[in-house]
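Have a look at this one before I ask anything.
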Amino acid sequence: MRIVIAEDSGLLRHMLAETLTARGFTVTGQAGTLPEVLQAVAADPPDVAVLDIRMPPDHRDEGLRAAERIRADHPGTGLLVLSHYAETSYAMRLLKTADQAVGYLIKDRVRDTDRLVDAIKRVASGEVVVDPEVVRRVLTRPRRTDPLAALVPVERQVLALMAEGHSNTSIASRLSYSLKTVEKRVTAISQKLGLPHPESHERAHVNLRVLAVLAYLRSTRPAPDPPSPA
């Protein structure tokens with residue numbers, strides 16, 4: 001599998017290149033800025049572009065901008081954005097850029113080589129990947145009323161895996177359930193929360209399901225701040 005790495009830290013960039021090479025990937029290009037990564041991808045489009053979310057020249061959202069450009073110009077290239085921030089708005093912006101072969105991973109996961117390699121392979125195969133920390137934060141966000149109160153514990157587990165981008169088959173494997181059981185759980189969750197319930201075997205529909213879950217949970221009103229002491 002062919003990879004381009006975009007990371008403004010030279011040390012981390014070389015570490016990623018060495019790590020992925022040792023795991024059997026071919027690193028076809030390395031870049032430290034937005035223009036450099038766009039040039040590297042255009043010169044030899046890889047299977048997956050691994051993108052730092054903040055790079056020169058502005059250190060703002062260059063990774064997301066690169067993802068948008070790459071998906072428009074090279075739709076066959078998968079996109080994995082690495083970020084220091086478990087920010088749902090960044091993840092949702094990325095997911096709206098692409099309907100498949102896309103991922104958003106917290107940089108701390110880079111230390112877990114197996115998790116990083118798994119994310120790259122899932123993106124390359126067309127899956128959607130959302131970091132569990134992003135999902136955890138959006139699920140545990142304080143709210144005026146808890147939209148998840150109607151869900152039993154196992155349904156919350158399934159919902160979290162849905163939001164991470166797992167298909168019903170993947171959820172069944174992770175929770176050691178039958179596929180039919182997971183399908184029933186997903187249907188129950190969708191009915192209780194009023195979420196769309198597209199056919200999950202289609203990758204694009206898995207992405208739409210991720211967006212639906214995250215958008216729903218972000219749209220519910222947060223709990224008010226506690227009153228200040230007199």
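What single numbered condition from (1) at pLDDT below 85; (2) aliphatic (A, V, I, L, M); (3) open to solvent by 30 Å² or more (accessible area, probe 1.4 Å) fails to hold for Leu193?
Checking Leu193 against (1) at pLDDT below 85; (2) aliphatic (A, V, I, L, M); (3) open to solvent by 30 Å² or more (accessible area, probe 1.4 Å), the one that fails is (3).
For segment 86-121, which positions are modelled with pLDDT under 90, hydroxyl-bearing (Ser, Thr, Tyr) and in contact with a strand residue (DSSP E or B) (Cβ under 8 Å, 6 or more places away or on another chain)?
Scanning segment 86-121 gives Tyr90, Thr97.
Just name the residue that is least open to solvent (accessible area, probe 1.4 Å) out of those in segment 1-40 that are part of a helix (DSSP H, G or I), more than 20 Å from His74 (Cα to Cα) and of a type in the set (D, E, K, R).
Initially, segment 1-40 is screened for residues part of a helix (DSSP H, G or I), giving 10-22, 34-40.
Right, trim to more than 20 Å from His74 (Cα to Cα) and you get 10-22.
When the remaining residues are screened for being of a type in the set (D, E, K, R), the result is 13, 18.
Numbers: Arg13: 42, Glu18: 133 Å².
Among them, the one singled out is Arg13.
Sticking with this structure for a sec: Taking Ala86 as meeting all but one of (1) of a type in the set (A, V, I, L, M); (2) within 19 Å of Gly194 (Cα to Cα); (3) surrounded by fewer than 22 Cβ atoms within 10 Å (Cβ to Cβ), write down the number of the exception.
(2)
Considering only segment 48-72, state which residues are part of a helix (DSSP H, G or I), within 20 Å of Gly32 (Cβ to Cβ) and open to solvent by 10 Å² or more (accessible area, probe 1.4 Å).
Arg65, Glu68, Arg69
For segment 89-104, name all the residues that are over 19 Å from Pro46 (Cα atoms) and open to solvent by less than 70 Å² (accessible area, probe 1.4 Å).
Ser89, Tyr90, Ala91, Met92, Leu95
Out of the residues in segment 114-128 that are open to solvent by 20 Å² or more (accessible area, probe 1.4 Å) and assigned to a helix (DSSP H, G or I), state the one that is farthest from Gly165 (Cα to Cα).
Asp114
Determine, yes or no, whether Arg111 is under 20 Å from Thr19 (Cα atoms), under 16 Å from the mean Cα position of the chain (by Cα), free of Cβ contacts under 8 Å to residues at least 24 places away in the same chain and open to solvent by 80 Å² or more (accessible area, probe 1.4 Å).
Answer is no for this residue.
Being touching a strand residue (DSSP E or B) at 6+ places or on another chain (Cβ under 7 Å), open to solvent by 10 Å² or more (accessible area, probe 1.4 Å) and not in a helix (DSSP H, G or I) is the filter here, so list the residues in segment 130-143 that pass it.
Answer for segment 130-143, where residues must be touching a strand residue (DSSP E or B) at 6+ places or on another chain (Cβ under 7 Å), open to solvent by 10 Å² or more (accessible area, probe 1.4 Å) and not in a helix (DSSP H, G or I): Arg141, Pro142, Arg143.
Run down Glu164, Glu155, Glu183 and say which single residue is in contact with a helix residue (DSSP H, G or I) (Cβ under 6 Å, 6 or more places away or on another chain) and open to solvent by 70 Å² or more (accessible area, probe 1.4 Å).
Glu183
Please work out if Gly103 is of a type outside the set (A, V, I, L, M, F, W, C), assigned to a helix (DSSP H, G or I) and within 18 Å of Leu20 (Cβ to Cβ).
Numbers: of a type outside the set (A, V, I, L, M, F, W, C): yes; assigned to a helix (DSSP H, G or I): no; within 18 Å of Leu20 (Cβ to Cβ): yes.
Taking the combined requirement at face value, the residue does not satisfy it.
The values are calculated or read from the model by the stated rules, or taken from the named source; none is laboratory data. Quick caveat, the model's predicted, so the values are computed rather than measured. Every residue, glycine among them, receives a Cβ derived from its backbone with ideal geometry; neighbour counts consider all protein chains shown. Each accessible area value is taken on the protein alone, full model and side chains, heavy atoms only, with ligands, DNA and RNA left out. Shrake-Rupley method; radii C 1.70, N 1.55, O 1.52, S 1.80 Å.
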